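Undergrad: Okay, handing you the structure first.
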């Protein structure tokens, strides 16, 4: 068992990885709490095919599979979760498509986190906690103190996101995060720790 298994929320970015399916399978072998597919530019047919493949792999590994942004794709493949950004569909509208699966929402300040909880989010992503190069136009860095403030203010699990690495992940957990969303540093997590 690696030290990150219960906390790693692995995000596979289809555009940033040369082989997203292989990366996902490595993350599942390594051990993670959830695996999310992020694919901003794939056409619908390619996205659906990849989501079906990753969903099947997650089911075999008994790991929650989450689809980013797309309630329709999440519903079609029978995903365990859906993740929404601030500019995506509202939670109530998404519920009409996906039903009673886990819905997470990206937030960048305390007010957004509280609103996400009031709106019915099951999970609250908060960040960027550290500087990140994953997004083209990232939100301002929130830091560990604001992460801790949000973790104390909401009753839902908080997923720290943004610049999470093997070096700083423990600090985010120490400030109350339940999970660590890892995108660009995912290969490092998998390389530097032994598989389960």
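The values are calculated or read from the model by the stated rules, or taken from the named source; none is laboratory data. Note that the structure is predicted; figures quoted are calculated from it, not measured. Because the Cβ atoms are built from the backbone with ideal geometry, glycine has one as well, and the counts that use them run over all protein chains shown.
Undergrad: Show the residue pairs meeting these rules: Cβ distance below 6 Å; 6+ apart or different chains; first residue within region 25-49 and at positive phi; second residue surrounded by 13 or more Cβ atoms within 10 Å (Cβ to Cβ) and not in a helix (DSSP H, G or I).
TA: What qualifies is 31/2; 31/5.
Undergrad: Quick one: which residue in 102, 19, 6, 69 is within 22 Å of residue 189 (Cα to Cα) and within 14 Å of the chain's Cα centre (by Cα)? First the steps, then the outcome.
TA: Working: 102 fails: within 22 Å of residue 189 (Cα to Cα); 19 fails: within 14 Å of the chain's Cα centre (by Cα); 69 fails: within 22 Å of residue 189 (Cα to Cα).
Only one candidate qualifies: 6.
Undergrad: Going by the structure shown, is residue 41 modelled with pLDDT of 95 or more and either closer than 25 Å to residue 132 by Cβ or touching a helix residue (DSSP H, G or I) at 6+ places or on another chain (Cβ under 9 Å) (or both)? Spell out the reasoning first.
TA: Details: modelled with pLDDT of 95 or more: no; either closer than 25 Å to residue 132 by Cβ or touching a helix residue (DSSP H, G or I) at 6+ places or on another chain (Cβ under 9 Å) (or both): yes.
Criteria not met by residue 41.
Undergrad: Hand me the list of helices (runs of 4 or more DSSP H) wholly inside region 1-117 holding 1 or more residues that are more than 30 Å from residue 167 (Cα to Cα). If you could, list the steps in order and put the result at the bottom.
TA: Working: elements: 20-30, 44-61, 71-77, 91-98.
It comes to 44-61, 71-77, 91-98.
Undergrad: Only one of these is free of Cβ contacts under 8 Å to residues at least 24 places away in the same chain, in contact with a helix residue (DSSP H, G or I) (Cβ under 8 Å, 6 or more places away or on another chain) and either under 17 Å from residue 38 (Cβ atoms) or crowded, with 17+ Cβ neighbours inside 10 Å (or both): 124, 103, 91. Name it. Steps first, answer last, please.
TA: Details: 124 fails: free of Cβ contacts under 8 Å to residues at least 24 places away in the same chain; 91 fails: free of Cβ contacts under 8 Å to residues at least 24 places away in the same chain.
Of the residues listed, the single one that is free of Cβ contacts under 8 Å to residues at least 24 places away in the same chain, in contact with a helix residue (DSSP H, G or I) (Cβ under 8 Å, 6 or more places away or on another chain) and either under 17 Å from residue 38 (Cβ atoms) or crowded, with 17+ Cβ neighbours inside 10 Å (or both) is 103.
Undergrad: Return the total of residues in region 127-154 being in a loop (DSSP other than H, G, I, E, B) and out of contact with any helix residue (DSSP H, G or I) (no Cβ under 7 Å at 6 or more places or on another chain). So that I can check it myself, show each step before the final result.
TA: Filtering region 127-154 for residues in a loop (DSSP other than H, G, I, E, B) gives 127-142, 154.
If we keep only those that are out of contact with any helix residue (DSSP H, G or I) (no Cβ under 7 Å at 6 or more places or on another chain) as well, we get 127-128, 130-142.
Within region 127-154, residues that are in a loop (DSSP other than H, G, I, E, B) and out of contact with any helix residue (DSSP H, G or I) (no Cβ under 7 Å at 6 or more places or on another chain) number 15.
Undergrad: Does residue 24 satisfy the condition of being modelled with pLDDT of 95 or more and either farther than 21 Å from residue 180 by Cβ or surrounded by 16 or more Cβ atoms within 10 Å (Cβ to Cβ) (or both)?
TA: Details: modelled with pLDDT of 95 or more: yes; either farther than 21 Å from residue 180 by Cβ or surrounded by 16 or more Cβ atoms within 10 Å (Cβ to Cβ) (or both): yes.
Yes.
Undergrad: Within region 155-174, how many residues turn out to be in contact (Cβ under 8 Å) with a residue 12 or more places away in the chain, surrounded by fewer than 20 Cβ atoms within 10 Å (Cβ to Cβ) and part of a loop (DSSP other than H, G, I, E, B)? Explain how you work it out, then say what you get.
TA: Filtering region 155-174 down to residues in contact (Cβ under 8 Å) with a residue 12 or more places away in the chain leaves 155-166, 168-169, 171-173.
Now drop any that are not surrounded by fewer than 20 Cβ atoms within 10 Å (Cβ to Cβ), which leaves 155-157, 165-166, 168, 171, 173.
Of the ones still in play, those that are also part of a loop (DSSP other than H, G, I, E, B) are 155-157, 165-166, 168.
Qualifying residue count, region 155-174: 6.
Undergrad: Return the residues of region 127-146 that are surrounded by 16 or more Cβ atoms within 10 Å (Cβ to Cβ), within 16 Å of the chain's Cα centre (by Cα) and either within 17 Å of residue 112 (Cβ to Cβ) or modelled with pLDDT under 95 (or both); say none if nothing qualifies.
TA: Once the filter is applied, which keeps residues that are surrounded by 16 or more Cβ atoms within 10 Å (Cβ to Cβ), within 16 Å of the chain's Cα centre (by Cα) and either within 17 Å of residue 112 (Cβ to Cβ) or modelled with pLDDT under 95 (or both), region 127-146 yields 127, 128, 129, 132, 134.
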